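Inspection log for the structure reproduced underneath, given as structure tokens.
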Amino acid sequence: MPTFTIYAVLRAAAQVDDDTVDTVAAGLRPGDEELRVWREPDRAALRASTECDAEDLGSALEQARALGEELRERCPGDVLEAAALSDDDSLVWRAWL
């Protein structure tokens, strides 16, 4: 089964500080050694990325959207973007806000 990189971007309802990033990272997908969580310089955007196995790019995108929802459960805000990337292609979902 192919491996994809997936990521999600959340615009938090409040500023995100280092403690928020640490708390979200600790509770998001425990045991996922590939998971990375970080904030953007404007301090309101929170990003997460990891690797996943999926049948195809579309299935990987669904996992990316699920990652975004998991972020939202841990940090109030709106999921702005989710994406799946392979070595050859990418697929992106963006919210219409």
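The values are calculated or read from the model by the stated rules, or taken from the named source; none is laboratory data. Just so you know, these numbers come straight off a predicted model, no measurement behind them. Every residue, glycine as well, gets a Cβ built from its backbone with ideal geometry; the counts of neighbours run over all protein chains shown. When the accessible area is computed, the model is the full protein with side chains, heavy atoms only, and any ligands, DNA or RNA have been set aside. Shrake-Rupley method; radii C 1.70, N 1.55, O 1.52, S 1.80 Å.
Below are the figures for this structure:
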{"read-out": "Test for Asp78: is it modelled with pLDDT of 95 or more, closer than 21 Å to Phe4 by Cβ and open to solvent by 40 Å² or more (accessible area, probe 1.4 Å)", "value": "no"}
{"read-out": "Pairs with Cβ under 9 Å, 6+ apart, first in segment 54-66 and assigned to a loop (DSSP other than H, G, I, E, B), second charged (D, E, K, R)", "value": "Ala54/Glu62"}
{"read-out": "Residue satisfying all of: in segment 32-42; over 16 Å from Arg72 (Cβ atoms) and part of a strand (DSSP E or B); most open to solvent (accessible area, probe 1.4 Å) among these", "value": "Arg36"}
{"read-out": "Test: residue in segment 48-69 that is surrounded by fewer than 12 Cβ atoms within 10 Å (Cβ to Cβ), closer than 19 Å to Ala13 by Cβ and charged (D, E, K, R)", "value": "no"}
{"read-out": "Candidate set: segment 4-31, residues that are part of a strand (DSSP E or B) and out of contact with any helix residue (DSSP H, G or I) (no Cβ under 6 Å at 6 or more places or on another chain); chosen: the one most open to solvent (accessible area, probe 1.4 Å)", "value": "Arg11"}
{"read-out": "Test: residue in segment 84-94 that is at negative phi, touching a residue at least 40 places away in the same chain (Cβ under 8 Å), part of a strand (DSSP E or B) and open to solvent by 80 Å² or more (accessible area, probe 1.4 Å)", "value": "no"}
